[in-house]
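Trainee: Got a structure for you, questions after.
What follows draws every value from the coordinates through simple rules; no lab data is involved. Not measured: the values here are computed from a predicted model. Quick reminder, even Gly has a Cβ in these numbers, built from the backbone with ideal geometry, and neighbours come from all protein chains shown.
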Amino acid sequence: MSIEGKNISCSRGGIVLVSDFSFSIKKGEQLAIKGANGSGKSTLIRLIAGLIPSPADTLFWEGEMVSKSNLSLYQQNLLYVGHKLCLYPQARVLDQLRLWQNLHKIPLKDMEQALNIWGVGALKDKQISHLSHGQQKRLSLSRCHWLKRRLWILDEPESGLDQEGHAILTEALSAHLGNGGCIVRATHDNREMANTVVVASSLPSFGARGA
């Protein structure tokens with residue numbers, strides 16, 4: 001298993017956000033993308049997740065170029081968690097779990113166990129809009145424990161988490177890498193992880209707008 005980017009460039013409104021960015025990671029490895037606000041981290045993350053079309057011959061999954069024809073197959077291998085948590089604010093937590101259950105055919109008990117791991121198991125009957133941002137983030141990240149995808153693409157997953165949440169996230173990341181998964185992560189977290197073998201300390205090009 002491997003994911004590779006070759007000379008990726010991306011612009012928005014005529015402003016270059018990412019220029020000639022390359023990387024290569026294989027199973028058990030993590031790419032940590034670091035940079036200032038507005039440096040293009042989220043744009044790059046969305047491009048790698050296939051949410052923004054990638055130029056030809058720039059993104060490769062298991063040696064095969066990711067294109068429009070195989071994008072759906074590629075995305076079946078990944079878990080994406082962005083700044084928008086993709087939760088239904090007016091639904092109860094339990095309703096959100098049932099929606100995921102219908103979508104992914106995952107046993108409800110597995111999702112409930114994940115909620116307990118993330119410390120939000122007691123909130124199943126709460127309306128999502130009544131949860132704090134950190135609790136909503138934990139709910140969204142609980143997918144890491146039951147959606148078995150080989151590639152995790154995470155946009156600043158530590159944002160909004162308290163110290164306990166950080167510890168749960170770090171354990172989940174380490175376990176995924178230890179099981180041979182891959183992670184692409186935008187982050188401001190300067191703490192080192194044992195299995196982080198590739199770190200982009202800053203992107204080659206900085207745009208004038210937020211990314």
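Trainee: Quick one: which residues, 5+ away or cross-chain, put their amide H under 5 Å from the amide H of Leu59? H built at 1.01 Å from N.
Mentor: Residues meeting the criterion, in which the H sits 1.01 Å from N, are Lys6, Val66.
Trainee: At a 10 angstrom cut-off on C-beta neighbours, averaged per residue, how do the peptides 30-36, 8-14 rank from highest to lowest?
Mentor: Output ranking for 30-36, 8-14: 30-36, 8-14.
Trainee: Here's a follow-up. Just report the Cα centroid separation between the stretch 3-63 and the stretch 104-132, whole Å.
Mentor: If we compute the Cα centre of each part, the gap is 32 Å.
Trainee: Using the Cα atoms as the points, what is the convex hull volume per residue of the stretch 72-156 in Å³?
Mentor: In the stretch 72-156, the Cα convex hull volume per residue is 95 Å³.
Trainee: How many percent of DSSP beta bridges within the chain run antiparallel, rounded to 5?
Mentor: 45 percent
Trainee: Would you mind ranking Met111, Met65 so that the residue whose beta carbon has the fewest other beta carbons within 10 Å leads the list?
Mentor: Final ranking by Cβ density, sparse to dense: Met65, Met111.
Trainee: Then there is this: Which of Ser42, Gly5, His130 sits closest to the plus end of the dipole of the chain, meaning its Cα is farthest towards the positive end, when Lys and Arg get +1 and Asp and Glu get -1 on the C-beta?
Mentor: The listed residue farthest towards the positive side: His130.
Trainee: Just how large is the dipole of the chain about the Cα centre, in debye to the nearest 20, putting +1 at every Lys and Arg Cβ and -1 at every Asp and Glu Cβ?
Mentor: Dipole of the chain, to the nearest 20 debye: 480 debye.
Trainee: For the stretch 16-131, give the magnitude of the charge dipole about the Cα centre (Cβ charges: +1 Lys/Arg, -1 Asp/Glu; no others), in debye to the nearest 20.
Mentor: Dipole magnitude for the stretch 16-131 comes out near 340 debye.
Trainee: Another question, then. Which values, in whole Å and largest first, are the semi-axes of the equivalent ellipsoid of the stretch 1-82 obtained as the square root of 5 times each eigenvalue of the Cα gyration tensor?
Mentor: 20, 15, 12
Trainee: Now for a separate question. What are the residues whose amide H is under 5 Å from the amide H of Leu17, where those residues sit 5 or more places off or on another chain and H is modelled from the backbone?
Mentor: Sorted by chain and number, the residues that satisfy this are Cys10, Ser11, Arg12.
Trainee: Which of Lys148, Lys124 has the fewest other C-beta atoms within 10 Å, and how do the rest follow up to the most?
Mentor: Final ranking by Cβ density, sparse to dense: Lys148, Lys124.
Trainee: Right, something else. After finding the eigenvalues of the alpha carbon gyration tensor for the chain, what semi-axes result from the square roots of 5 times each, listed largest first in whole Å?
Mentor: The answer is 29, 18, 17 Å, longest axis first.
Trainee: Follow-up question, since we're still on this one. Could you give the dipole magnitude of the stretch 89-148 about its Cα centre, charging the beta-carbon of Lys and Arg +1 and that of Asp and Glu -1, in debye to the nearest 20?
Mentor: Its charge dipole is roughly 100 debye.
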